[in-house]
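Contents: one structure, followed by commentary.
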Amino acid sequence: MKKLLTISLFVSFAMTMNAQPKLSANNIDEVLQAMTLEEKAKLLVGGANNFFGAGAVVGGEADLVAGAAGTSPAIPRLGIPATVLTDGPAGVRIDPTRKGTDKTYYATAFPIGSCLASTWNTELVGKVGEAIGNETKEYRCDVILGPGMNLHRNPLCGRNFEYYSEDPLLTGKIAAAYINGVQSQGAGVSAKHFAVNSQETDRTSVDERVSQRAARELYLRGFEIAVRESNPWTIMASYNKINGEFSMGNHDLLTKILRDDWGFKGIVMTDWIGIREGLPTIREVQAGNDLMEPGQPAQVQEIIDGVKNGSLDIADVDRNVRRMLEYIVKTPSFHQYPASNAPDFKAHAAITRQTAAEGIVLLKNNGTLPWKKGVIKTVALFGENSYDFLSGGTGSGCVHPPYVVDMLEGLQNVGISSSPTLTDIYRKYIEYAKVKFQAERHPAKWYQSEYFGQQKYPEIGISPIAVNNEVKHADAAIITIGRQAGEGVDRDIDTEFNLIPEERALITDVCNAFHAAGKPVIVIINSGSVIETASWSAYPDAILCAWQPGMEGGNSIADLLTGKVNPSGKLTMTWPISATDHASTKDFPGNIDFYTFKDMAANKRPIPGHAYTNHEEDIYVGYRYFDTFQKNVAYPFGFGLSYTTFSFAKPVVKAKGKDAVEVCVTVKNTGSITGKEVAQVYVQAPKGKLAKPTQELKAFAKTRELKPGESQVLTMVIPVRDLASFDEAGSQWLTEAGTYTFRIGNSSRDITATATLKLSEYTEKTTNALAPQQSLNLLKQ
Ligand code: BGC
């Protein structure tokens, strides 16, 4: 009898167990129904990799992939696996070594965002996306925390290197290409940081006060394009506030704009402080924030209590949980993808080498480049970063690559040798500097680590005598000027934007000595961001802005120096004459707290709500300001030289259907070397109700490789909606009626072909969202 009872109890227990649904793409509602309130709350609160010390965060999954940034929780009872989120964006950032094994977990370091965008080549960026998606999956991760899509509002922002451009169209198109590439591999992205995260100073507390128009036309526009054209799995809400409300709890931003206006279908996660002082978790849930990263146990409880005491509607929780389940069923973890932990470095190295070579921008060339075979046999290599080459930035944007090809190796690989004396001096200095600056790290500069801020050691002076000595042994000189930056810190003018005295002396001494012997000098800028060039650009014979071009950097640069690749990169931001020339200067970084790095070191915290940045320049960011107000610049937006020349024929511009314009232009290689060119279409609107910048980039396309004398017709389609301005009074996009001029050239200041077209009015209603709480003193034309 007893035995029978046991058997029947076991059978009924097994039946109950069987009745529990296991998650699949077809039973999301059923699983939602089966979840307890505790399980629902838990699913909305993610974990992290001991980010704030063991135990501080939710989730026992934190160690699934060592060094990954975070996880979403597993609920094994319902077949819900943990998913793994990894930085991003220039490659997979995980720990390269792990305890208890000799195996390594290096990842390909691809070119940083500014370099990728400078290719103006969406197809190539798509290939980089595919390779990153593949490495994400092969390292057992589900989502790469990128692309970084904030606008270059000011050249001093510490994270500009991770971002694409001062222009939202270019940002959106490059991001969409990256996202489509990653997601084609069955891995996801988290487009970040949504939104208006244009500075690092006080980034977790600053209130970015911005007009609805500038928000819609500039700061949100890139994200809008990416959402509409690539359907990102996830979006990361930024740390800052926008017009008084944290992005992470901002219903206008995360629901009205992102979902109601744009139709976003994925999940929103927080940037990496899931719990915020002054922002109840239930407000984040209500706003449409689906995953707190990294979350804390208190947040799970807050959600449970909120539902129980009626302050949080279970419908809001269910909506977010459903979105989480819809995300989870797409992931490699859900599909139990057999991660190899062995990506194809060889194939990916070829992609990064080619992409960097297309993203590097030739800023000056007096004819010295390309080097003809055998003419330059030995180079004198100056500058510490020739030997300690910066493949990428720091902070969460850094990647641990298996190797970095520096300038020395890059030149060696094409049969060019360099001065052993200089190699010896610089290598010894770097060895010494690493120990010295590590040991002497000022307490207020604790951020000088891989994680936050700068890592570059001060450049050493090389005496004019030593420089002179090199002239007789070398056919040319290269000077690498490096700059490092990363999250948490903006760049300073004196030592990061401007050259320091040792660098100035190096440029003048090397140019004087080598030019006296009739030998050329090339400057390589190895920086993630814009630097000052106007005061010294007259001295060298050529200047290449190599950015931080990934782990194959030295090879990519050598490909350009030797003419194996003809430069076709174009700047995606204006290079000002002085750091303070941008209209945003007045408000960058804004009215910040007393909060300095000394305060940080002393564990002081900013006063919440105290810091703010007024965007008084409004829509006049980057070339929109410089071109409209006719200010001189060092290098204009879109600028970049080639070893050949191109012409643009008169474009044919005509209506395409009811709501689009078609622009056709023939590009011809008029020089003597094979190369690629970018056609940039700037549109000038007729004078109307709303003031506009003098011109705005509305389309672009890159040719294939054109041989001398060869032409290609490029066809670009511009939706009439893309010509609109945001009309705050009517909460609508408005393309005013009148004659539009389509101006085509290869920089915003070099327009060589134009055509006009009459358009009638177009409007499109939006929600009324993100109204500023304070009135702003906006810049007017
Ligand atoms: C950064 C994000 C990053 C996250 C996880 C944050 O501090 O702002 O860009 O993805 O950390 O590492």
Inset, instruction - Determine, yes or no, whether Glu208 is touching a residue at least 60 places away in the same chain (Cβ under 8 Å), within 28 Å of Leu723 (Cβ to Cβ) and within 16 Å of the ligand (Cβ to nearest atom). - result: yes
Legend entry - So Gly486, is it assigned to a loop (DSSP other than H, G, I, E, B) and not acidic (Asp, Glu): yes
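Matching residues to (1) under 18 Å from Ser118 (Cβ atoms); (2) free of Cβ contacts under 8 Å to residues at least 60 places away in the same chain; (3) over 29 Å from the mean Cα position of the chain (by Cα):
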position	(1), (2), (3)
Lys519	no, yes, yes
Asn526	yes, no, no
Ser529	yes, no, no
Leu544	yes, no, no
Gln548	yes, no, no
Ser556	yes, no, no
Asp559	yes, no, no
Val565	yes, no, no
Ser578	no, yes, no
Inset, instruction - Specify which of the listed residues (Gln199, Gln212) is surrounded by 24 or more Cβ atoms within 10 Å (Cβ to Cβ) and not assigned by the TED database to the domain that holds Ser725. - result: Gln199
Legend entry - Test: Lys40 is basic (Lys, Arg), modelled with pLDDT under 95 and over 23 Å from Pro147 (Cβ atoms): no
Inset, instruction - Would you be able to tell me the number of residues in region 18-37 that are touching a helix residue (DSSP H, G or I) at 6+ places or on another chain (Cβ under 9 Å) and either modelled with pLDDT under 95 or aliphatic (A, V, I, L, M) (or both)? - result: 10
Legend entry - Which numbered condition Pro708 misses (of (1) at pLDDT below 95; (2) in the same structural domain as Gly671 (by the TED database)): (1)
Inset, instruction - Out of Asn154, Asn150, report the one residue that is crowded, with 24+ Cβ neighbours inside 10 Å, assigned to a loop (DSSP other than H, G, I, E, B) and within 13 Å of the ligand (Cβ to nearest atom). - result: Asn150
Legend entry - Per-region count, region 640-661, residues in a loop (DSSP other than H, G, I, E, B) and more than 13 Å from Glu677 (Cβ to Cβ): 5
Inset, instruction - Test Thr572 against the criterion of being in a helix (DSSP H, G or I) and either at pLDDT 95 or above or farther than 18 Å from Ser118 by Cβ (or both), and give yes or no. - result: no
Inset, instruction - Taking Gly266 as the residue in question, decide whether it is in contact (Cβ under 8 Å) with a residue 60 or more places away in the chain and within 14 Å of the ligand (Cβ to nearest atom). - result: no
Legend entry - Complete set of residues in region 284-298 that are surrounded by 20 or more Cβ atoms within 10 Å (Cβ to Cβ) and either of a type in the set (D, E, K, R) or without any contact (Cβ under 8 Å) to a residue 60 or more places away in the chain (or both): Glu284, Gln286, Ala287, Gly288, Asn289, Asp290, Glu293
Inset, instruction - Select from region 176-212 the residues that are closer than 17 Å to Glu166 by Cβ and not in a loop (DSSP other than H, G, I, E, B) and list them in ascending order. - result: His193, Glu208
Legend entry - Qualifying positions in region 87-114 - modelled with pLDDT of 95 or more and of a type in the set (A, V, I, L, M): Ala90, Val92, Ala107, Ala109, Ile112
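Residue-by-condition table, conditions (1) in contact (Cβ under 8 Å) with a residue 60 or more places away in the chain; (2) touching a strand residue (DSSP E or B) at 6+ places or on another chain (Cβ under 6 Å):
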| position | (1), (2) |
| --- | --- |
| Ser311 | no, no |
| Ala342 | yes, no |
| Thr352 | yes, no |
| Thr378 | yes, yes |
| Gly392 | yes, no |
| Ser396 | yes, yes |
| Val405 | yes, no |
Legend entry - Yes/no for Glu532 being surrounded by 20 or more Cβ atoms within 10 Å (Cβ to Cβ) and in the same structural domain as Thr394 (by the TED database): no
Legend entry - Sole residue being closer than 26 Å to Lys364 by Cα, surrounded by fewer than 19 Cβ atoms within 10 Å (Cβ to Cβ) and out of contact with any Ser or Thr (no Cβ under 7 Å at 6 or more places or on another chain), chosen from Glu696, Glu705, Glu710: Glu710
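So in region 227-257, with the set limited to residues that are assigned to a helix (DSSP H, G or I) and within 16 Å of the ligand (Cβ to nearest atom), which one is surrounded by the fewest Cβ atoms within 10 Å (Cβ to Cβ)? It would help to see each step written out before you state the result.
Restricting attention to region 227-257, the residues satisfying the condition of being assigned to a helix (DSSP H, G or I) are 227-230, 247-249, 251-257.
Now drop any that are not within 16 Å of the ligand (Cβ to nearest atom), which leaves 247-248.
Working: Ser247: 26, Met248: 30.
Only one residue fits best here, namely Ser247.
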Legend entry - Residue in region 76-86 that is farther than 26 Å from Val307 by Cα, modelled with pLDDT under 95 and either away from the ligand (no atom under 15 Å from the Cβ) or in contact with a strand residue (DSSP E or B) (Cβ under 9 Å, 6 or more places away or on another chain) (or both) present: no
Legend entry - Test: residue in region 345-367 that is of a type in the set (Lys, Arg) and surrounded by 21 or more Cβ atoms within 10 Å (Cβ to Cβ): yes
Legend entry - All positions within region 726-781 that are without any contact (Cβ under 8 Å) to a residue 12 or more places away in the chain and within 30 Å of Ser642 (Cβ to Cβ): none
Inset, instruction - Quick one: Thr204 ticks every box in (1) surrounded by fewer than 24 Cβ atoms within 10 Å (Cβ to Cβ); (2) over 25 Å from Ala611 (Cα atoms) except a single one, so which number is it? - result: (2)
Legend entry - Answer residue from region 176-194, given it is of a type in the set (Ser, Thr, Tyr) and closer than 15 Å to Ile225 by Cα and is farthest from the ligand (Cβ to nearest atom) among those: Tyr178
Inset, instruction - Could you tell me whether Lys137 is within 24 Å of Gln354 (Cα to Cα) and either β-branched (Val, Ile, Thr) or touching a helix residue (DSSP H, G or I) at 6+ places or on another chain (Cβ under 7 Å) (or both)? - result: no
Legend entry - Qualifying residue in region 469-483 (condition: modelled with pLDDT under 95, β-branched (Val, Ile, Thr) and in contact with a strand residue (DSSP E or B) (Cβ under 7 Å, 6 or more places away or on another chain)): no
Inset, instruction - Pull up region 726-750, narrow it to residues that are over 20 Å from Ala655 (Cβ atoms) and in contact with a helix residue (DSSP H, G or I) (Cβ under 7 Å, 6 or more places away or on another chain), then point me to the one that is surrounded by the most Cβ atoms within 10 Å (Cβ to Cβ). - result: Ser748
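The values are calculated or read from the model by the stated rules, or taken from the named source; none is laboratory data. This is a predicted model, so every value here is computed, not measured. With ideal geometry, Cβ positions are generated from the backbone for all residues, glycine too; neighbour counts draw on all protein chains shown.
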